[in-house]
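Chemist: Submitted below is the structure of interest, expressed as structure tokens.
All of the numbers you see were taken from the coordinates with simple rules; none came from a lab. Predicted model, so just to flag it, every value in this text is computed and none were measured. Here the Cβ positions follow ideal geometry from the backbone for every residue, glycine too, while neighbour counts run over all protein chains shown.
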Amino acid sequence: MRDFDVNNEFTWVPNYVEGTYQLRLTARDYLAGTSAQQVISYVANPLVTGNQPVVVVTANPLVALFSAPTCPIGSTMAVAFLEQGAKAPSTTDARACHTGTQNFYIAGMVSNHAYSMYAQVNTGGTIVNGPTVSFTSGAVPKSLSLPSRSVPLAPDSQTDSQSTIVLTGYATTPDVPTATNLKGDVVWYYNTTVQMTRPVPGGTFLSIPNGKGTGTGVWGPNVTQQQLLREFDLAGNTVRETNCDRVYEQLQAMGLTAPLGRFNHDAIRLANGQTVVLGDEQQIFPAGTQGSTAPIDIIGALIVVLDDNFQVVSYWSSFDHDCASSACLNINRPGDTNCVTGSNASGCPPVLLSSPANDWLHANSLQYLTAEGDWLLSLRSQNWIAKIDYDNGAGSNGIIWRLGIDGDFALGNNVGEPYPWFSGQHNPGFIDDGETTLAVFDNGTSRHAEYGGDSRGQVWTIDQTSMIATLDVNVDLGAYSESLGSAQVLLNGDYMFMAGNISDGSNIEVQNSEFNGSGVMNYQFQSIGPSHAYRGWRLPDFYHAALNGSAGPD
């Protein structure tokens, strides 16, 4: 549930299966190499006492806990719920029936509204609905900080009517991750400011919060910036958590020498239950590297693969692969940002070894490519998207190709712009299993510095045989987002591009815009407040998110 750290409290909520649990606490003295354990029993009783389902409120007033009597082994159960007066229900994911009651978190409800909900048992393709129960959602706490919200372009017949939830990952205090419906009504929130990286199928979320680790890592006990990796559920309960110090202990045992400074930007869930997270590594390189006259601190990137208990399985280090091939990450091609001690400019990590340090890669997005078992990694400081030969752990970990300006692909068309390539990009991803169509949020940092202009939403056709990249969609988003943003293909084939950091005087504007393939806007949600948004999503519900960091629908 949680690996070693310095906290002496952990809130555990047994929310799915009743029974008698064994809880084991292990305390250790890291320097002395000693530890001690204590095991206690805890009994979780069912909410259901008869044949009728029960629904109760959780700590989040917009989330209910629905509990139903057991169903036949071999069958599955889902829960349908709808606002009273609505025509079509929303449905949770289907789960295998087991001994004991079936329990589901119900989320996606507007505050202070009445809802009906019922179980749906599927036995061999025959679906039987259970008794209906009623639930009235609560009010959003007045203490919760939320930016002002508006819908400049309301949904119409051209809007994706299936992707009805707008999830925005606000990542700066005091605002918190929030979801609305297409009208802008709040339907869910998480009560802590975190960098939310991805929603996970089944109703959980991966995030990178601030917090303390064990105090035995590279920072000691003093730095908290993005030191945790946390999975939490719809009610806000922590499901699983680890920290940089514990992960680095395991990486060192595997031979990693460059220290892990923090988690950052992305964590994704794979179909086999593994979790993959990005991290920073730093290393001093000799004088002459990147044209320096003295030894230079360079910030690289780590990809860390964790099992379903958040224990390290393998890793990829940007400092480890050789540059024997032309498609490599050349250490002498500097990034465009210098990170200074005590600064968090442009998403800089703490500087570990010397100041300033060059933010060589600034890896900010990861996708697992299911066809070949490789990684797709966005490198903002290089204006590149790199494909890495992982091959499910059996690959060379070398760079297969680099997409972007001065990379390995030729442009397949002339779009009439002096700078058609993306730069400072966020959230690129293939939207098909064939790895031919790629969507990306083009912040346009290099282009903006040279020519001005707005950020863009782009869709590319990638021919990996002929090494030609053709720009098919190149939408001007009407504003410049210096950093942050996301791209996604929707269920109706439209594209969602979120600009997460548009300067608006003393505030920050966030725009979540839907465009069709011809560049016509079909919907826009906007918020203005003190916080930027790292990433955004359009979802059909909270239960059927995409895996692997995909930019496409589940």
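Chemist: Pop a pseudo-label 7 angstrom from the Cα along the beta-carbon direction at both Asp185 and Asn112 and give the gap in nm to one decimal.
Modeler: 1.2 nm
Chemist: What per residue convex hull volume, in Å³, comes out for segment 117-169 when only alpha-carbon positions are used? Before the final figure, lay out the partial values.
Modeler: On the way: hull volume 10.3 nm³, N = 53.
In segment 117-169, the Cα hull volume divided by residue count equals 195 Å³.
Chemist: Right, something else. Using the alpha carbon gyration tensor of segment 89-139, what are the three equivalent-ellipsoid semi-axes (square root of 5 times each eigenvalue), largest first, in whole Å?
Modeler: On the way: eigenvalues 113, 28, 20 Å².
Here the semi-axes work out to 24, 12, 10 Å.
Chemist: Kirkwood Rh over Cα pairs of segment 54-136 into Stokes-Einstein at 37 °C, 0.692 mPa s: D in µm²/s? Could you put the intermediate results ahead of the total?
Modeler: Numbers: Rh = 13.0 Å.
Once the numbers are plugged in, D ends up at 253 µm²/s.
Chemist: With equal scatterers on the alpha carbons only and no solvent term, can you work out the Debye log10 of I(q)/I(0) for the chain at 0.05, 0.07, 0.10 1/Å?
Modeler: Taking Cα atoms of the chain as identical point scatterers yields -0.21, -0.41, -0.85.
Chemist: Dimensions of segment 458-554 along principal axes (Cα, Å, largest first)?
Modeler: 48, 32, 24
Chemist: Given q = 0.13, 0.19 Å⁻¹, what are the Debye log10 I(q)/I(0) values for segment 248-293, with equal point scatterers placed on the Cα positions and solvent ignored?
Modeler: -0.46, -0.78
Chemist: Expressed in whole Å with the largest first, what are the equivalent ellipsoid semi-axes of segment 1-107 derived from the C-alpha gyration tensor as the square root of 5 times each eigenvalue?
Modeler: They are 36, 17, 12 Å, listed largest first.
Chemist: Also, quick follow-up: How far, in degrees from 0 to 90, does helix 244-253 lean away from the longest principal axis of the Cα atoms of the chain, to the nearest 10?
Modeler: With rounding to tens, the tilt is 60 degrees.
Chemist: Sticking with this structure for a sec: If you average the alpha carbon positions of segment 6-80 and of segment 374-447, how far apart do those two centres end up, in angstrom?
Modeler: So the two Cα centres are separated by 42 Å.
Chemist: Fewest Cβ neighbours within 10 Å first, please rank Phe232, Phe525, Phe319 accordingly. Walk me through the numbers on the way to the answer.
Modeler: Numbers: Phe232 23, Phe525 27, Phe319 18.
Going from least to most buried by this count: Phe319, Phe232, Phe525.
Chemist: Then there's this: Towards the positive end of the charge dipole of segment 148-539, with charges on Cβ (+1 Lys, Arg; -1 Asp, Glu), say which of Gly236, His321, Pro259 has the farthest Cα.
Modeler: Towards the positive end, the residue furthest out is Gly236.
Chemist: Charges at C-beta only: +1 for Lys and Arg, -1 for Asp and Glu. How large is the resulting dipole of segment 244-316 about its Cα centre, in Debye rounded to 20? List each step's numbers first, then the result.
Modeler: Details: 3 positive and 8 negative charges, 14 e Å.
It comes to approximately 60 debye.
Chemist: What distance in nm separates the two pseudo spin-label positions at Asn492 and Phe10, each 7 Å out from Cα along the beta-carbon direction?
Modeler: 4.5 nm
Chemist: Something else: Set the Förster distance to 51 Å, then compute FRET efficiency between Thr99 and Gln252 from the Cβ-Cβ distance, nearest 0.05.
Modeler: Working: r = 43 Å, r/R0 = 0.84.
Rounded to the nearest 0.05, the efficiency is 0.75.
Chemist: With +1 on the Cβ of every Lys and Arg and -1 on the Cβ of every Asp and Glu, and nothing else charged, how large is the dipole of the chain about its Cα centre, in debye rounded to the nearest 20?
Modeler: Values: 23 positive and 49 negative charges, 278 e Å.
Using only the charged Cβ atoms, the result is roughly 1340 debye.
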